[in-house]
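Undergrad: Following this message is one structure expressed as structure tokens.
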Amino acid sequence: HEDLLPIIKDLREKNLTLDQFEEYLHNRHAEERNEQIARINEDMPDGGSGIMTKDAKDYLAKLDPAQKAAMDSIAKKIDDMVYETQEILLKEGLEDAKTINTWRKTYKSYVPLERDLDIAGQTFTPGSQGYGTRGKSAKRATGSEKDVINILANIAIQRERAIMKAEKAKVGRALYGLAHLCWGSLRS
């Protein structure tokens with residue numbers, strides 16, 4: 001995805017690996033995700049992000065200051081990408097302002113924490129199907145101790161889904177308008 005190319009370039013220039021950066025993003029988001037999951041899932045008072053809050057704090061505290069500064073500057077681009085994705089959903093009427101504002105208030109350092117699904121020995125990564133635009137753009141996280149996978153790829157996937165859903169909604173509105181126009185002319 002072209003939005004990720006500048007991030008990959010920055011990682012290379014700063015001698016950071018993708019794994020290091022994704023580990024940083026996961027730890028940076030862990031505490032706020034754990035707090036939210038604890039509010040909605042009493043069976044997960046901590047660790048719903050896949051990392052215990054203390055472990056995330058320890059990780060962040062032990063980071064080399066220069067490395068942390070480098071990752072913070074790149075993470076700002078991730079934050080901007082997440083914000084822009086939310087703006088697409090809002091602008092196209094796919095999510096309401098209240099929902100987007102709740103997301104932004106709850107998660108200052110949001111990244112998707114997708115897990116592999118293992119069904120009958122086959123692994124699947126969740127994705128959207130079909131041409132529908134109804135329904136929420138996100139499902140509520142309830143916590144998991146499974147390994148998080150492909151944070152950057154999932155940021156790009158979320159963005160692509162939002163763009164595709166927005167385009168489908170535009171087509172749907174245009175078809176509705178055309179049908180309404182045709183119906184009106186038939187009735188005349």
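Undergrad: Provide the gained length on full extension for the span THR142 to ALA97, in nm with one decimal, where the gain is 0.36 nm per separating residue minus the Cα-Cα distance.
TA: Values: separation 45, 0.36 × 45 = 16.20 nm, distance 2.26 nm.
So the chain would gain 13.9 nm between THR142 and ALA97.
Undergrad: While we're here: Work out how much length ASP64 to GLU87 would gain on full extension: take 0.36 nm times their residue separation and subtract the Cα-Cα distance, in nm to one decimal. Before the final figure, lay out the partial values.
TA: On the way: separation 23, 0.36 × 23 = 8.28 nm, distance 3.39 nm.
Taking ASP64 through GLU87 to full extension adds about 4.9 nm, to one decimal.
Undergrad: List, in order, the whole-Hz ³J(HN,Hα) value for each residue of region 99-111 obtained from phi through the Karplus relation with A = 6.51, B = -1.76, C = 1.60 and θ = phi - 60°; use x for Gly and Pro.
TA: Going residue by residue, I get 5, 4, 5, 5, 4, 5, 6, 6, 10, 7, 10, 4, 9 Hz, with x marking Gly and Pro.
Undergrad: Moving on. Quick one: which of LYS14/LYS98; LYS9/LYS108; LYS98/LYS168; LYS14/LYS108; LYS98/LYS146; LYS76/LYS105 span more than 27 angstrom between C-alpha atoms? Present the calculation step by step, with values, prior to reporting the outcome.
TA: Values: LYS14/LYS98 38 Å; LYS9/LYS108 24 Å; LYS98/LYS168 23 Å; LYS14/LYS108 24 Å; LYS98/LYS146 30 Å; LYS76/LYS105 17 Å.
In this structure, LYS14/LYS98; LYS98/LYS146 lie more than 27 Å apart at Cα.
Undergrad: Sort GLU2, GLU22, GLU35 from largest to smallest accessible area, using a 1.4 Å probe on the heavy atoms of the protein chains.
TA: Values: GLU2 150, GLU22 30, GLU35 90 Å².
In descending accessible area the options line up as GLU2, GLU35, GLU22.
Undergrad: Where in region 68-104 does the label zone of ILE40 land, with the point 7 angstrom along Cα→C-beta and an amide N cut-off under 14 Å?
TA: So the set is 99-104.
Undergrad: What is the local net charge at ASN27, summed over the other residues whose Cβ is closer than 12 Å to its Cβ (Lys, Arg +1; Asp, Glu -1)?
TA: Details: positive: ARG28, ARG33, LYS54, LYS57, LYS62, LYS68; negative: GLU22, GLU23, GLU31, GLU32, ASP55, ASP58.
Around ASN27, the charge tally is 0.
Undergrad: Add +1 for every Lys or Arg and -1 for every Asp or Glu among the other residues with Cβ under 12 Å from the Cβ of ARG104, and state the total.
TA: Details: positive: LYS98, LYS105, LYS108; negative: GLU32, ASP79, GLU87, GLU95.
Counting the neighbours of ARG104, the net charge comes to -1.
Undergrad: For TYR59, what charge total do you get from the other residues with a beta carbon under 13 Å from its beta carbon, if Lys and Arg give +1 and Asp and Glu give -1? Please report the intermediate quantities before stating the final value.
TA: Numbers: positive: ARG28, LYS54, LYS57, LYS62, LYS68; negative: GLU22, GLU23, GLU31, ASP55, ASP58, ASP64.
That sum, taken over residues with Cβ under 13 Å, equals -1.
The values are calculated or read from the model by the stated rules, or taken from the named source; none is laboratory data. Please read these numbers as outputs of a predicted model, since none were measured by experiment. Here the Cβ is made from the backbone with ideal geometry for all residues, glycine too, and neighbour counts use every protein chain on show. Just so you know, the surface numbers come from the protein's heavy atoms only, side chains and all, with ligands and any DNA or RNA stripped out. Shrake-Rupley method; radii C 1.70, N 1.55, O 1.52, S 1.80 Å.
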